[in-house]
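S.K.: Mind looking over this structure? Questions follow.
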Amino acid sequence: MHWLILFLFREQIKALSYHHVNRAYQNPEGIINALSGKYQLAAKLQYEGGLRVGEVGKLKAENLINNNTISVRGKGGKELIYTVSAETYKTLSQTLSNCGYFFTRSEGNRYREALNKASKETGQIYQGSHGFRYNAAQDNMLEKLKYGASLNEAKQDTSEMLGHNRLSITEHYTKF
């Protein structure tokens, strides 16, 4: 019975979060699956870890820590730690061993164009690459709440994950 309550609670929060006008994708996995190569990897990094597109573009082998953890210098020079799946980490490691930066500014622009196309192909409104960061924030909040964290604890954890200094910014991403 407890699992049913958690499931219904999660679905209610999900419906609420997607009901608000925000930049999260309705089906981020669909968009990711419609992409290929580096663009698919970039989308996975943004969706799984919450990285900004600029942070993805500047990734180098030295940013890989271990245990699926990536360290980046984020907005405002802040040192941020992101966690991604083992599969994504392995693919990223292989990709970075073959090049310097993950991608150049022009490749970043082509990534955004590919995202726009994938959004249309999957029947979704294009929310830019930052839409995946919204998804990451909302999914993190839901996971923390599902496992018993209070709303304030979940917000604080999500805020730290995103590298925000103010909870009000995180609330913008989560729409709770």
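The values are calculated or read from the model by the stated rules, or taken from the named source; none is laboratory data. Only a predicted model underlies this, so the values are computations on that prediction, with no experimental measurement involved. FYI the Cβ positions are ideal-geometry reconstructions off the backbone, even for glycines, and counts take in every protein chain you see.
S.K.: How about region 42-95: which of its residues are without any contact (Cβ under 8 Å) to a residue 24 or more places away in the chain, assigned to a strand (DSSP E or B) and touching a Ser or Thr at 6+ places or on another chain (Cβ under 7 Å)?
M.R.: Correct list: 69, 79, 81.
S.K.: Taking into account only those residues within region 78-108 that are more than 19 Å from the chain's Cα centre (by Cα) and either on the phi > 0 side of the Ramachandran plot or of a type in the set (A, V, I, L, M, F, W, C) (or both), which is modelled with the lowest pLDDT?
M.R.: 99
S.K.: All but one of (1) surrounded by 15 or more Cβ atoms within 10 Å (Cβ to Cβ); (2) under 24 Å from residue 172 (Cα atoms); (3) of a type outside the set (Lys, Arg) hold for residue 96, so report the exception by its number.
M.R.: (2)
S.K.: I would also like to ask the following. Pairs, please: C-beta under 7 Å, at least 6 apart or cross-chain, first residue under 19 Å from residue 23 (Cα atoms) and touching a residue at least 12 places away in the same chain (Cβ under 8 Å) and in region 153-172, second not aromatic (Phe, Trp, Tyr) and not in a helix (DSSP H, G or I)?
M.R.: Short answer, once both residue conditions are applied: 161/50; 162/50; 163/74; 163/78; 163/80; 170/164.
S.K.: Being exposed (fewer than 14 other Cβ atoms within 10 Å of the Cβ), closer than 21 Å to residue 71 by Cα and of a type in the set (Gly, Ala, Ser) is the filter here; which residues of region 131-176 pass it?
M.R.: none
S.K.: State all residues of region 126-152 that are of a type in the set (Lys, Arg) and touching a residue at least 60 places away in the same chain (Cβ under 8 Å); if no residue qualifies, say none.
M.R.: If the condition is that a residue be of a type in the set (Lys, Arg) and touching a residue at least 60 places away in the same chain (Cβ under 8 Å), then 133, 146 are the ones that fit.
S.K.: Separate question: What pairs come out if I take residues in region 108-124 that are over 20 Å from residue 55 (Cβ atoms) and pair them with residues that are part of a helix (DSSP H, G or I) whose C-beta lies under 7 Å away, six or more apart or interchain?
M.R.: 118/31; 118/34; 119/31; 121/34; 122/30; 122/31; 122/34; 124/31
S.K.: Test residue 39 against the criterion of being at pLDDT 95 or above, aromatic (Phe, Trp, Tyr) and touching a Leu at 6+ places or on another chain (Cβ under 9 Å), and give yes or no.
M.R.: yes
S.K.: Quick one: which of 154, 114, 137 is touching a Ser or Thr at 6+ places or on another chain (Cβ under 6 Å) and either modelled with pLDDT under 90 or not in a loop (DSSP other than H, G, I, E, B) (or both)?
M.R.: Checking each option against the conditions leaves just 137.
S.K.: Run residue 128 past the list (1) loosely packed, with under 14 Cβ neighbours inside 10 Å; (2) not in a helix (DSSP H, G or I) and report the number of the one that doesn't hold.
M.R.: Here residue 128 meets the rest and fails (1).
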